[in-house]
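Worksheet for the structure shown next.
The values are calculated or read from the model by the stated rules, or taken from the named source; none is laboratory data. Fair warning: this is a prediction, and the values are worked out from it, not measured in the lab. No Cβ is skipped: glycine too gets one built from the backbone with ideal geometry, and neighbour counts run over all protein chains shown.
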Ligand SMILES: [Fe+2]
């Protein structure tokens, strides 16, 4: 596979697993096109044209040093200059794939957060409330990533002539869909049952060995789960802390999240919404693995690094 083919596959898989469905994504892109058409010539020049075709602006190709058949990839959750050096040191790496956004993808992280409004609405939070609270938070995240050194890793890749891309929200969508399907199938009744269900997933089993397994942040093992939602697995980064009260009003009993800040945890507690933290690197690994399996099927060798717990689900 060529780099662009690998990238296109990731976007396609992300769309297939997306809470919004193919129709929802189509509408999302159409709205961007309408906005673009209304811009002045000068504004059109400044506009990021990728936005017209790619619903996941936090996932990009950053550098193609040599566009050749990819046979071996180095892939990890966070790719920094150290990992680019590791790729060089190992040798024979055709492409480095990061999970978390870097470069332009990091600068556009807030763009994918609109997805959370649709996820919340899917679970019964009125869309006007989800949008109102999320819009505030999206602006906050956009300002937050503004100050970062976006190009650091990209510059290292350019200097060392390493091919570099990242896949963020498409993989998080895969993790969210995997967990949603499993939870809906097994229907855990109590929080303890939910934790035990998660602990059967190999990525979480591995994370437990280093003390990073699934944990209860709000609630107790004997609490009933009520309606379990996957509102905090995909959609960029944490949503608004003000959402928990609205979620409780919408009939949500338990949230399964990748990670949670203390401010969010306190708000969830006040709203009596149980919170189960599946784990950050492990949940990211789950989504990335589901994508990497497709590359492995095509004969690409995968070398995991930087916190990626590589589990292959391919029957051999
Ligand atoms: Fe993450």
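Among the candidates 189, 184, 203, which residue alone is modelled with pLDDT of 95 or more and within 16 Å of the ligand (Cβ to nearest atom)?
Going through 189, 184, 203 in turn, the sole match is 203.
Looking at 252, 309, can you tell me which residue is within 17 Å of the chain's Cα centre (by Cα), modelled with pLDDT of 95 or more and either under 18 Å from residue 194 (Cβ atoms) or within 16 Å of the ligand (Cβ to nearest atom) (or both)?
Answer to the check: 309.
Given (1) farther than 20 Å from residue 145 by Cβ; (2) in contact with a strand residue (DSSP E or B) (Cβ under 8 Å, 6 or more places away or on another chain); (3) away from the ligand (no atom under 16 Å from the Cβ); (4) not in a loop (DSSP other than H, G, I, E, B), where does residue 35 come up short, assuming only one miss?
(2)
Could you say whether any residue in the stretch 140-151 is within 16 Å of the ligand (Cβ to nearest atom), assigned to a helix (DSSP H, G or I) and touching a helix residue (DSSP H, G or I) at 6+ places or on another chain (Cβ under 8 Å)?
The answer is yes; a qualifying residue exists.
Determine if the stretch 256-265 includes at least one residue that is in a helix (DSSP H, G or I) and within 16 Å of the ligand (Cβ to nearest atom).
yes
Scan the stretch 197-206 and tell me whether some residue there is touching a strand residue (DSSP E or B) at 6+ places or on another chain (Cβ under 6 Å) and in contact (Cβ under 8 Å) with a residue 12 or more places away in the chain.
Taking every residue of the stretch 197-206 in turn, none turns out to be touching a strand residue (DSSP E or B) at 6+ places or on another chain (Cβ under 6 Å) and in contact (Cβ under 8 Å) with a residue 12 or more places away in the chain.
Residues in the stretch 38-67 that are out of contact with any strand residue (DSSP E or B) (no Cβ under 7 Å at 6 or more places or on another chain) and surrounded by 13 or more Cβ atoms within 10 Å (Cβ to Cβ): how many?
Qualifying residue count for the region: 12.
Quick one: residue 67 ticks every box in (1) in a loop (DSSP other than H, G, I, E, B); (2) over 26 Å from residue 293 (Cβ atoms) bar one, so which box is it?
(2) is the only condition that residue 67 fails.
Name the residues in the stretch 81-108 that are more than 15 Å from the chain's Cα centre (by Cα) and within 16 Å of the ligand (Cβ to nearest atom), would you?
Once the filter is applied, which keeps residues that are more than 15 Å from the chain's Cα centre (by Cα) and within 16 Å of the ligand (Cβ to nearest atom), the stretch 81-108 yields only 83.
Being in a helix (DSSP H, G or I), in contact with a strand residue (DSSP E or B) (Cβ under 9 Å, 6 or more places away or on another chain) and in contact (Cβ under 8 Å) with a residue 12 or more places away in the chain, is that true of even one residue in the stretch 219-239?
No, there is no match, as no residue in the stretch 219-239 is in a helix (DSSP H, G or I), in contact with a strand residue (DSSP E or B) (Cβ under 9 Å, 6 or more places away or on another chain) and in contact (Cβ under 8 Å) with a residue 12 or more places away in the chain.
Restricting to the stretch 11-28, what's the tally of residues that are part of a helix (DSSP H, G or I) and surrounded by 15 or more Cβ atoms within 10 Å (Cβ to Cβ)?
First, the residues of the stretch 11-28 that are part of a helix (DSSP H, G or I): 11-16, 21-28.
Those left that are additionally surrounded by 15 or more Cβ atoms within 10 Å (Cβ to Cβ): 11, 13-15, 24-25, 28.
Of the residues in that region, 7 qualify.
Let me spell it out: the conditions are (1) more than 16 Å from residue 231 (Cβ to Cβ); (2) modelled with pLDDT of 95 or more; (3) more than 16 Å from the ligand (Cβ to nearest atom), and residue 126 meets all of them except one. Which number is the exception?
The one condition residue 126 does not meet is (1).
Residue 55 is checked against (1) touching a residue at least 40 places away in the same chain (Cβ under 8 Å); (2) farther than 15 Å from residue 170 by Cα; (3) in contact with a helix residue (DSSP H, G or I) (Cβ under 9 Å, 6 or more places away or on another chain) and fails just one. What number does that condition carry?
Checking residue 55 against (1) touching a residue at least 40 places away in the same chain (Cβ under 8 Å); (2) farther than 15 Å from residue 170 by Cα; (3) in contact with a helix residue (DSSP H, G or I) (Cβ under 9 Å, 6 or more places away or on another chain), the one that fails is (2).
Does the stretch 157-164 include one or more residues that are away from the ligand (no atom under 16 Å from the Cβ) and closer than 20 Å to residue 48 by Cα? Step through it out loud before you land on a result.
Let us first name the residues in the stretch 157-164 that are away from the ligand (no atom under 16 Å from the Cβ), namely 157-164.
If we keep only those that are closer than 20 Å to residue 48 by Cα too, we end up with 164.
Checked against the condition, which is being away from the ligand (no atom under 16 Å from the Cβ) and closer than 20 Å to residue 48 by Cα, the stretch 157-164 yields at least one hit.
Taking the stretch 166-196 as the region of interest, how many residues are surrounded by 14 or more Cβ atoms within 10 Å (Cβ to Cβ) and without any contact (Cβ under 8 Å) to a residue 40 or more places away in the chain?
Number of matching residues: 5.
Inspect all residues belonging to the stretch 206-215 and state whether any of them is within 16 Å of the ligand (Cβ to nearest atom), more than 17 Å from residue 17 (Cα to Cα) and part of a loop (DSSP other than H, G, I, E, B).
Yes, some residue in the stretch 206-215 is within 16 Å of the ligand (Cβ to nearest atom), more than 17 Å from residue 17 (Cα to Cα) and part of a loop (DSSP other than H, G, I, E, B).
Can you name the residue in the stretch 137-154 that is under 30 Å from residue 82 (Cβ atoms) and in contact (Cβ under 8 Å) with a residue 60 or more places away in the chain and, of all such residues, is surrounded by the most Cβ atoms within 10 Å (Cβ to Cβ)?
Ranking the qualifying residues of the stretch 137-154, first place goes to 153.
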